[in-house]
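Here the structure is laid out as structure tokens; the discussion comes afterwards.
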Amino acid sequence: MCFSCLSARDTRNIFLITADGLRWRDLFGGMDPMLKGQKTAGMEGAAALKAKLWRATPEERRNALMPFFWTTLAPKGVVLGNVKKQSSVRVTNAYRVSYPGYSEILTGRAQDEAIRGNEAVRNPTPTILEFLRRKLGLSSSQVALFGSWEMFHLIGEHQPGSIVINAGHRDYDGPHSSARMHELSALQFEVLTPWTEERHDYITFEMALEYLRTAKPRVLHIALDETDDWAHDKRYNRVLDAIGYLDRCLQKLWQVIGDLPEYRGKTTLVITSDHGRDRWTRYAGARRSRKLRRGIPARHSAHDFGSDGHRVPRVRWRSRKSGRAGGFEEGRTLSVTQAWRRRLALPISSPTRPSAVVVGTRHAGWRVVWQRYFLKLPRG
Ligand SMILES: [Zn+2]
């Protein structure tokens, strides 16, 4: 595919979809062979799930887990972050938990001096969402964030009220309300989660979709959380269910984008995660350190999930194309400086259909995504 002959200028709208703590192993490899039989991972009695998702090869397994993503979406864009193909996409903050990761996504850099974990502090920096609203001359209703985790009220904007945010168990009191929005807003208090700060992704996604239909925002962030919540609860079966739901959300979103003239052929999806998962913190040792420095990914086990204080395996920077017809690339390493030096072209919205930029999980080089997409959106 010729990257240079297509332009990001076709993109008029950007939708950012984040899946909290989604592991690259699950995204790229489907059901984890080490976890599939683990009683401590909630996999006892998950026979139906295994029958549905277990296959012989990682490619077959990921297709079973995320059929829409791998068969429809990925061929329209770029997928980064498959460590097994020497593609590493990493967080740059030191804490490797949620708020620092989201802040990095939304402000373009780690803010380790100010955001030291998941404490409830207001984002000290204006976010890309606020920036775009000003730069593009949009009203506050044209930039929206719907999140399952209530912390997004603090993460998503530096100046309260800059954009529309609804997150956590919170009544919807924003603009463009509708009967469906009212129904969803009430439903979140009837179908409670086991967690205090997070509501179900279903509510978040359906609210975002309704907002999309009624308010037609130019910039939308949908922040799903259950991929992380269930992992903390050591329920890998539910993590897989949540990933399957993510896939169905993407399918539904893609359908709506195609149905609405405001979005069809003018919208780019950016899909990423705030951090990965590893057992580094629990089993830190010199041998492991050496292995990680040498770029050997940590051996995974049931402890792989359940903690998001992880150490990311370091993989030597190496640009390696493995392009396929249709523009799907997996295995191209992305770093800020190298990407700019080599004028790495991220995709690509064609005039006839929207494109998808999929930033795997972990996200160094986020500024490249900004430069190519967020900052190229047209005014008006
Ligand atoms: Zn997280």
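Any read-out appearing in this document is the output of simple, stated calculations on the displayed coordinates, not a laboratory observation. Since the structure is predicted, the reported quantities are computational estimates derived from the model, not experimental observations. Cβ: placed from backbone, ideal geometry, glycine included. Neighbour counts: every protein chain shown.
Quick notes
- Ranked packing of 270-277, 94-101, 183-190, 225-232, most packed first, by mean Cβ within 10 Å: 270-277, 225-232, 94-101, 183-190
- Pairs exceeding a 26 Å alpha-carbon distance, out of Lys84/Lys266; Lys52/Lys84; Lys135/Lys252; Lys76/Lys252; Lys76/Lys135: Lys84/Lys266; Lys135/Lys252; Lys76/Lys135.
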